[in-house]
Structures are given as C-alpha cells and as structure tokens.
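Rule-based calculations on the coordinates, nothing more; no lab input. Since this is a predicted model, take the numbers as computed values, not measurements. Here Cβ is always computed from backbone atoms with ideal geometry, including for glycine, and neighbour counts include all displayed protein chains.
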Amino acid sequence: MIITVTGTPGVGKTTLSKLLAERLGYEYVSVRDFALEKGIGESAGDEIEIDVDELARLASEEFRERNVVIDGHLSHFIPADIVIVLRLHPGAVAERLKVRGYPPKKLAENVEAEFVDVILVEAVEENENVLEVDTTGKGPEEVLNEVLSLLQAGIKRRVGIVDWSDSYGEILPYLMEGR
Ligand SMILES: Nc1ncnc2c1ncn2[C@@H]1O[C@H](COP(=O)(O)OP(=O)(O)OP(=O)(O)O)[C@@H](O)[C@H]1O
Ligand SMILES: [Mg+2]
C-alpha cells in the first residue's frame, strides 16, 4: 500500500507522514531523500529540482510491494493507493513560512498556490483516490486521527472541502510584498 502525503510547503506533511507511518507500521519515505538517493534530483540553490516522471517510475518500482507513507510536495506524482492533500488556511501558511524566514517572493508564491488549490488540482489530475484534509486550527494528533478515520471508513475520495476565497484580503499584503 502506497500512501502519499502532499500539500503546499509548511502545511504539515512531514509531521503527519511520520505520525501516520508510525501508527500504521509503514515505512516513512521522503521524496527529497529518495530523489537524491536515486540521482533524479538536481540542486537548485537550497532546493532540489526533481524530474517527476522519473520519480513516478522509480518510486512505483521501488515501493510496489511495500507499505509506505511518502512525504513531499511532489509525492502526488507517484502512483499511489491514496493521496492525502493537506490544506491550511493561506494566512496560516504565510505565518508559518514567515517564521521559517522565507523571502517575500517565495512566500507569496506559496501562499498564492495554497489560495488557488494548485496541489489539489494536480493531485486530482493524477489520481482518483484523493483525500483532502483541512488542518487549519487542528493539532498534529487531530489531523492524524482524521486521516485514520477516513482510511478506516474506506473512504477513497473526498475533495472540495475548503474554499479560501474569503482570505484574499488577509493574504493580499503578502502577495503585494512578493511582487
Ligand atoms: N497540525 C499542526 N498544528 C500546528 N503546527 C503544525 C502542525 N503540523 C505541523 N506543524 C508545524 O508546522 C511547521 C511545518 O510542519 P512540517 O515540517 O510538517 O510541514 P511540511 O509540509 O512538511 O513542510 P515542507 O513542505 O517544507 O517540507 C513545523 O514547525 C511543524 O511543527
Ligand atoms: Mg516536510
């Protein structure tokens, strides 16, 4: 069973993936480490650029017979049994990325991506089985429990649960600052 955990930077993918892997007794895999190990990630500053077609091919080969939780904002390009897309109110994304010291432009790009559902849209283009989870105002355990109950209930698709359009006024200053 392959479960991928995706979402905008800072939404809590790594936190959830590790908790989920531990609870399910699955292996935890980070896309970044996997890509570096397989030589399909190219350094671009402090980030790496990953060839997603190669990622999908190599990961399916590697994890086909294994139980894994795969963590990363590109993990939805890997064929999976279930894709979990974590969502977080764009204002909260902005706060988290600010705390991390993201430069304004990069911060704005990611806040905007969360605002317009970029990762969700990509995930549903790639996979039928997509579970969208709103983490806003929820602690890690609460997010974990919500994911576990969806999995236990056998729910394979739940999308369209958030609408960030009301947050536009709140995020506009970040978007302007990033121009
Ligand atoms: N449910 C949550 N409630 C509050 N804080 C959280 C929650 N999940 C994660 N965090 C905190 O938010 C920050 C980002 O979390 P995390 O590293 O898991 O995000 P990520 O999606 O993996 O980010 P990246 O895309 O950069 O890898 C961390 O400081 C983490 O402790
Ligand atoms: Mg992470």
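Some notes on this structure:
- With the simple model of a label 7 Å out from the Cα in the direction of the Cβ, Glu62 to Ser43 spans 2.0 nm.
- Angle in degrees between helix 52-63 and the longest Cα principal axis of the chain, rounded to the nearest 10: 40
- Each of Ser167, Ser75 has some number of other Cβ atoms within 10 Å of its Cβ, and from fewest to most they run Ser167, Ser75.
- In a DSSP loop and with at most 13 other Cβ atoms within 10 Å, the GluC sites (Glu not before Pro) in the stretch 53-117 are Glu65.
- Relative packing of 139-151, 14-26, which averages over residues the other C-beta atoms within 10 Å, highest first: 14-26, 139-151
- Percent of alpha-carbon pairs separated by more than 17 Å within the stretch 1-100: 51
- Full-stretch length increase - Leu36, Val118 - with 0.36 nm per residue and alpha-carbon distance subtracted: 27.1 nm
- Nitroxide proxy distance, nm - points 7 Å out along Cα→Cβ at Glu95 and Ala153: 2.7
- Stretch gain in nm, segment Asp134-Glu22, where the contour uses 0.36 nm per residue and the Cα spacing is subtracted: 38.2 nm
- Shape analysis of the stretch 111-179 yields a ratio of the Cα radius of gyration to the Kirkwood radius, Rg/Rh, of 1.04.
- Local electrostatic count at Asp117 - Lys and Arg +1, Asp and Glu -1, tallied over other residues with Cβ under 10 Å: -3
- Taking the DSSP bridge list for the stretch 2-177 and keeping only pairs wholly inside it, about 20 percent are antiparallel.
- Viscosity 1.567 mPa s, temperature 4 °C, Stokes-Einstein D of the chain from Kirkwood C-alpha radius, µm²/s: 78
- Mean Cβ count within 10 Å, highest first, over the residues of peptides 4-12, 43-51: 4-12, 43-51
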